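The values are calculated or read from the model by the stated rules, or taken from the named source; none is laboratory data. From a predicted model like this one, the values you see are computed outputs, not experimental measurements. Counting neighbours? That spans all protein chains shown, and the Cβs are built from the backbone with ideal geometry, glycine included.
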Amino acid sequence: MRRIFLTLLLVSSMAVTVHAQLQQFQHIVVIFQENRTPDNLFYALCATQQCSTSPNSSQYNIQTANWLDKTSSSGVTQPTGVALANGYDPNHSHGGWVAECDLNTGVNPPVCRMDGAAGTQKNRGAFAYVLNTPDSKHPNGILSSYLTLATQYGWANFMFQTNQGPSYPAHQFIFGGTSALSAAGDAKGTFDSENFNGGPAGCYAKDGETTKLINSAGKETTYKINHAAGQTTCVPPQSQGGRSTMADLLDGAGLGWKYYSSKGGGTDGGGSIWTAPNTLAAICVPDQAYQNCTGTEWANHVDLTPSDFLGDALGTGKNGCNLQNVSWVIPTGANSDHPGASTGGPDWVASLVNAVGQSTCTDTINGQSYTYWQDTAIVITWDDFGGWYDHVAPQILGSPEGGYQLGFRVPMIFVSAYTPVGYINNLNHDFGSVLRFIERNYGLGLGALGFADARATNAFAAFYSLSNTPRQFQQIESAKTALDLINDTTPPTDPDDD
């Protein structure tokens, strides 16, 4: 009788902690790092994991030798190992993309030969991979947190940046599915294709500042800001001839969002090319001098201190537990993977994941309590290829988007309590897939924006099953804690030097 009583007590105790199946993620976090390819940044995976250039479901698609090189007499070259902060910055403009692609127009559809690596002998440094070098703070190697995330959660073998070029358009695509200045521009394949020529971006761009537009034939032309003539990169709402973004869909559904980015450009610091909302007139509402954003949406949803994400996730910030339904998180220079002097990227990403995983903040859903870890999905990806070599040719989209889409592979890791350990996915994804995942999760309508989200065919559904029992979180190794980052008073710099 006592044994039966104890058994019933145990079953009753377990029932208290078992949740009904979660119907959707309550939070989605998009961490957008800088300038890498899988072959470059995750080469070290192949020291302990199976790698193949024709991968199956248990192999990472990374090439470790015989990289194609049209500048070599043999047609191939052997990659060189370099430090994470090696200081070499390959050309990752659209022109750099064209050179590395080396497009073969003799086949239909055309395909990149992937033998250019920035195209010239001068840029042979692009044929490099990052060494997982140990140091006093990283006994398992400087990349250990990235390697752990890639092997313990979901890895995408075929994640491509949507655009063929650098950061500014990439951030427009991850926020709104296009870098076109209007929905009509997207429909005819005309996109903003480059960073700005040294000045602030979007609604902060002043008369005389330039960027470039690319047409459906892949030809770039200079676009000079002239507000009086209506030539501006301060994009109006779609109802006024501009375009919508994911923010419009979230606002319309009563869902919260926040874009965490570092300061840069304009007197209020909001003019960075990495701060995507500064391009949307309805969010920014620029002052007459185009020096500040004054909109309510801007004040409520754009945070120019990226470490505030940690406080919002941990509940230690000024607003307590304040993780929004969707968060975009952009690194500062000290936490960027751009190949300058910084090695802080892996620790920074690990700290963001740890903040969600270790948070005691909870949501009440259908009468049950879920920790942030139990109801959050984290998408970690990189904004562009950075000029580094990668062996996988992108599938160039048909007209009209084929003049500028798709770009090269970038790494992508999907982290959640419902993702199987070591899951490897071989479906094609791009930045439109991130938006499509958000749309699918919150029931916003697949492809509702009508841009890259509509052209993407996959929405990350294979990376998780909410019917699985949620995994317990295991801390990711990092030399920095959330508190270290929150208390860091070093003035932030841009995540890149473009």
Check your understanding: Would it be correct to say that Thr211 is in contact with a Ser or Thr (Cβ under 8 Å, 6 or more places away or on another chain) and either assigned to a loop (DSSP other than H, G, I, E, B) or under 22 Å from Leu444 (Cβ atoms) (or both)?
Key -> no
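What helices (runs of 4 or more DSSP H) completely inside the stretch 255-338 contain at least 1 residues that are modelled with pLDDT of 95 or more and more than 21 Å from Ser351 (Cα to Cα)?
Working: elements: 281-284, 296-301, 308-314.
By residue number, 281-284, 296-301.
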Practice item. Tell me, yes or no, whether the stretch 57-64 has at least one residue that is part of a loop (DSSP other than H, G, I, E, B), surrounded by fewer than 17 Cβ atoms within 10 Å (Cβ to Cβ) and either at positive phi or of a type in the set (Phe, Trp, Tyr) (or both). Key: no
Study note, to complete from the structure: Filter the stretch 120-140 for residues that are surrounded by fewer than 17 Cβ atoms within 10 Å (Cβ to Cβ) and modelled with pLDDT under 85; the one that is nearest to Pro339 (Cα to Cα) is Lys122
Check your understanding: Looking at the stretch 360-397, which of the residues that are closer than 23 Å to Thr105 by Cβ and hydrophobic (A, V, I, L, M, F, W, C) is surrounded by the most Cβ atoms within 10 Å (Cβ to Cβ)?
Key -> Phe385
**Study point:** In the stretch 139-175, the residues that are closer than 30 Å to Thr279 by Cα and hydroxyl-bearing (Ser, Thr, Tyr)
**Key:** Thr162, Ser167, Tyr168
Practice item. Take the stretch 240-254 and flag every residue that is buried (at least 20 other Cβ atoms within 10 Å of the Cβ) and outside any helix (DSSP H, G or I). Key: Gly242, Arg243, Ser244, Thr245
Point to revise | Residue in the stretch 89-110 that is nearest to Glu401 (Cα to Cα), counting only those that are touching a strand residue (DSSP E or B) at 6+ places or on another chain (Cβ under 7 Å) and surrounded by fewer than 21 Cβ atoms within 10 Å (Cβ to Cβ) | key: Pro110
Review point. Looking at the stretch 206-223, which of the residues that are at pLDDT 95 or above and of a type in the set (A, V, I, L, M) is surrounded by the most Cβ atoms within 10 Å (Cβ to Cβ)?
Key: Ile214
Exercise for review: Kindly list, by first and then second residue, each pair from a residue in the stretch 95-119 that is within 13 Å of Ala393 (Cα to Cα) to a residue that is aromatic (Phe, Trp, Tyr) and assigned to a strand (DSSP E or B), limited to pairs with Cβ atoms under 9 Å and residues at least 6 apart or on different chains.
Suggested key: Met114/Trp67; Asp115/Trp67; Ala117/Trp67
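Per-residue answers, yes or no, for (1) without any contact (Cβ under 8 Å) to a residue 24 or more places away in the chain; (2) closer than 27 Å to Asp251 by Cβ; (3) outside any strand (DSSP E or B); (4) in contact with a helix residue (DSSP H, G or I) (Cβ under 9 Å, 6 or more places away or on another chain):
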residue	(1), (2), (3), (4)
Thr343	no, no, yes, no
Ala355	no, yes, yes, yes
Ala377	no, yes, no, yes
Gly386	no, no, yes, yes
Practice item. Give the residue that is surrounded by the fewest Cβ atoms within 10 Å (Cβ to Cβ), with candidates limited to residues of the stretch 398-418 that are assigned to a loop (DSSP other than H, G, I, E, B) and within 13 Å of the chain's Cα centre (by Cα). Key: Pro411
Review point. Does Val356 count as among the hydrophobic types (A, V, I, L, M, F, W, C) and under 21 Å from Ile28 (Cβ atoms)?
Key: yes
Review point. Condition test on Ala462, is it over 14 Å from the mean Cα position of the chain (by Cα), farther than 24 Å from Thr245 by Cβ and part of a helix (DSSP H, G or I)?
Key: yes
Study note, to complete from the structure: Listed by first then second residue, the pairs whose first member lies in the stretch 226-252 and is on the phi > 0 side of the Ramachandran plot, whose partner is buried (at least 21 other Cβ atoms within 10 Å of the Cβ) and of a type in the set (Val, Ile, Thr), with beta carbons under 9 Å and at least 6 positions apart or on separate chains, are none
Point to revise | Unique match (being assigned to a strand (DSSP E or B), at pLDDT 95 or above and polar (S, T, N, Q)) among Asn163, Asn157 | key: Asn157
Revision key, fill the gap. Subset of the stretch 68-93, residues of a type in the set (Asp, Glu) and either free of Cβ contacts under 8 Å to residues at least 40 places away in the same chain or out of contact with any Ser or Thr (no Cβ under 8 Å at 6 or more places or on another chain) (or both), comes to Asp89
Study note, to complete from the structure: Scanning the stretch 128-154 residue by residue, those among the polar types (S, T, N, Q) and either closer than 17 Å to Glu34 by Cα or assigned to a helix (DSSP H, G or I) (or both) turn out to be Ser144, Ser145, Thr148, Thr151, Gln152
Review point. Which of the residues belonging to the stretch 419-451 are among the small types (Gly, Ala, Ser) and part of a loop (DSSP other than H, G, I, E, B)?
Key: Gly422, Gly443, Gly445, Gly447, Ala448, Gly450
Review point. Before we move on, is Ala117 part of a loop (DSSP other than H, G, I, E, B), modelled with pLDDT under 90 and at positive phi?
Key: yes
Check your understanding: Which pairs have Cβ atoms under 6 Å, sit 6 or more apart or on different chains, and link a residue in the stretch 180-204 that is touching a residue at least 40 places away in the same chain (Cβ under 8 Å) and at negative phi to one that is basic (Lys, Arg) and buried (at least 22 other Cβ atoms within 10 Å of the Cβ)?
Key -> Ser182/Arg243; Ala183/Arg243
